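Undergrad: Please read through the structure below; I'll follow up with questions.
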Amino acid sequence: MEGAKGEGPAGDGAMENSVEHPRQQDHLIRDGDFVVLKREDVFKAVQVQRRKKVTFEKQWFFLDNVIGHSYGTTFEVSSGGNLQPKKMMEEITSETKEAGIDNRNIVDDGKSQKLTQDDIKALKDKGIKGEEIVQQLIENSTTFRDKTEFAQDKYIKKKKKKYEAIITVVKPSTRILSIMYYAREPGKINYMRYDTLAQMLTLGNIHAGNKMIVMETCAGLVLGAVMERMGGFGSIIQMYPGGGPVRAATTCFGFPKSFFNSLYEFPLGKVNCLLNGTFSSKALPPESKDSISVEENNGTLLDDLQTSPKEMEESIVEVIENNHPQQETMEVISQEPEYKEHKERGNKKDYIQELQRKQEQQKKRQIEAATLLNERNADGLIIASRYHPTPLALSLLEFVAPSRPFVVYCHYKEPLVECYTKLRERGGVINLRLSETWLRNYQVLPDRSHPKLMMSGGGGYLLSGITVASDKQKSESCVLELQKTEEPTAKKRKVQESDSTLEDLP
């Protein structure tokens, strides 16, 4: 009996330990999660789905076996496209560690390797792993032992990259996604380098609890970076051109739904209505009209950017409403999974009802965003757009509270120089600074640490500053204070009459 009593608490404790809290499961890969596949210096963002074929670096495989493993686990592609966790690689034996003094007597005549391409193909067909193929290549090389230790390491690394299908699954982050986009599709993020994005987050003083205004056309990368830094606390108002915001990169972060509760969106074409006080919910355009205007107004961006600064400031609304890139809008429509499902089912009525419900919800969120903007007490402004920054900065800074930072990114220096001049003439800003970050990668290895020969030519320019109360705002506040402290008119008359009677006395 005593033994049975002793087993009870132990069993309960075992059951308690078996129950995992949600926070303990954050480091585990689950079905439906967004992950980033890494091989050497190449990245690709995908969503984990069972029995879905993924192609990465000329290899196809399934992600079923990664579910339940920790982020950062390295897998090897086996036969049938299945991923198997890779064990720690054994060190090369002492026989292969023999190295020569120099490479002067090595002749590259193509005869040093005994294995032919047919032999290597036969080894692959037998299901032999890439690690064993590399070992056989080393053993059948007549010049490997004559090479220097550095040349041997370079040879092994080259063969591993060719024959070993090794993939690491990592968790998405701002750093990883910005490196991935800059290496694969830099045009989609306006050629913004990852160190420039880090500077923007720092200069913008982005932290939890902020109320930020974000205007970007970088596929949602800057928006995702701001959301990650704020951690779901505070509010973000995204200003977008066209029929709707593009958030392809934001989706890759895999944020929980709670993060999107504090995310609002507002069309750029209605900014002037807010500034003039003529905004109404009826003025919000339906999505279908915007999609039509995309086709009609495509290609007008270059004409608008070539106009003079004065004309651009006078026609902010025209610049904003007419510059709708067709490619981004089509991406949003093509990436809509619900649209594909409804199209396959052929149930048009349900799809139309769902679309109307989404439009009503979007309209409601835009009205809430307009209310937040009308308060004009935003804690910061981030602009990273392919459009000219001057009209955007001049209009959106009206919604930022005094003593708050703002950052404007542009791939070219000249538009920011013009924006710098206009902001100085306008006033209401201090500590204006136009900067460019300089980046150079280094190879850090024993006895081989040196700067890499290839480096980035440029990662864009940043214009940063701090808002202050302008002279107009100061004068209005002074008038209000004077009106509060001003004496009543009846009391003024009594004082003036008493002064006049005193003057009449001899």
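Undergrad: What per residue convex hull volume, in Å³, comes out for region 117-163 when only alpha-carbon positions are used?
TA: With only Cα atoms used, region 117-163 gives 67 Å³ per residue.
Undergrad: Let me ask you something else. Just to confirm, what accessible area per residue do you get for region 99-237 at 1.4 Å probe, in whole Å²?
TA: 51
Undergrad: I'd like the projected area of region 60-212, averaged over all directions, using the convex hull of its alpha carbons. Report it in nm² with one decimal.
TA: 14.8
Undergrad: Leaving out ligands and nucleic acids, and using a 1.4 Å probe, what accessible area per residue does region 28-89 come to in Å²?
TA: With the other protein chains kept in place, region 28-89 gives 56 Å² per residue.
Undergrad: Within 10 Å, count the other beta carbons around each residue, average over each peptide in 348-355, 65-72, 215-222, 413-420, and list them highest first.
TA: So the order, starting with the most tightly packed, is 215-222, 413-420, 65-72, 348-355.
Undergrad: Mind computing the radius of gyration and Dmax over the alpha-carbon atoms of region 28-89? Å is fine for both.
TA: Cα only, region 28-89: 10.9, 30 Å (Rg, Dmax).
Undergrad: Too long at a 25 Å Cα-Cα cut-off: which of Lys38/Lys154; Lys38/Lys111; Lys211/Lys413; Lys44/Lys147; Lys44/Lys158? Walk me through the intermediate numbers first.
TA: Details: Lys38/Lys154 20 Å; Lys38/Lys111 34 Å; Lys211/Lys413 28 Å; Lys44/Lys147 35 Å; Lys44/Lys158 21 Å.
Beyond 25 Å between Cα atoms: Lys38/Lys111; Lys211/Lys413; Lys44/Lys147.
Undergrad: Any idea of Ser173's accessible area? Nearest 10 Å², probe 1.4 Å.
TA: About 30 Å², ignoring ligands and nucleic acids.
Undergrad: On to the next question. Give me the percent of the accessible area of region 376-446 that comes from carbon and sulfur atoms, probe 1.4 Å, all protein chains in place.
TA: Values: 1660 of 3340 Å².
Result for region 376-446: 50 percent of the exposed heavy-atom area is carbon or sulfur.
Undergrad: Computing the accessible area with a 1.4 Å probe over protein heavy atoms, can you report the carbon and sulfur percentage for region 28-89? It would help to have the intermediate numbers written out before the result.
TA: Numbers: 1600 of 3470 Å².
C and S fraction of accessible area: 46 percent.
Undergrad: Bins of 10 Å, beginning at zero and ending with the bin holding the largest distance: percent of Cα pairs per bin for region 352-441, please.
TA: Reading upward from the zero bin: 14, 37, 26, 16, 7, 0.
The values are calculated or read from the model by the stated rules, or taken from the named source; none is laboratory data. Computed from a predicted structure; not experimentally measured. Positions of Cβ are backbone-derived with ideal geometry, glycine not excepted, and every protein chain shown enters the neighbour counts. To get the accessible areas, we keep the full protein, side chains included, count just its heavy atoms, and leave off ligands, DNA and RNA. Shrake-Rupley method; radii C 1.70, N 1.55, O 1.52, S 1.80 Å.
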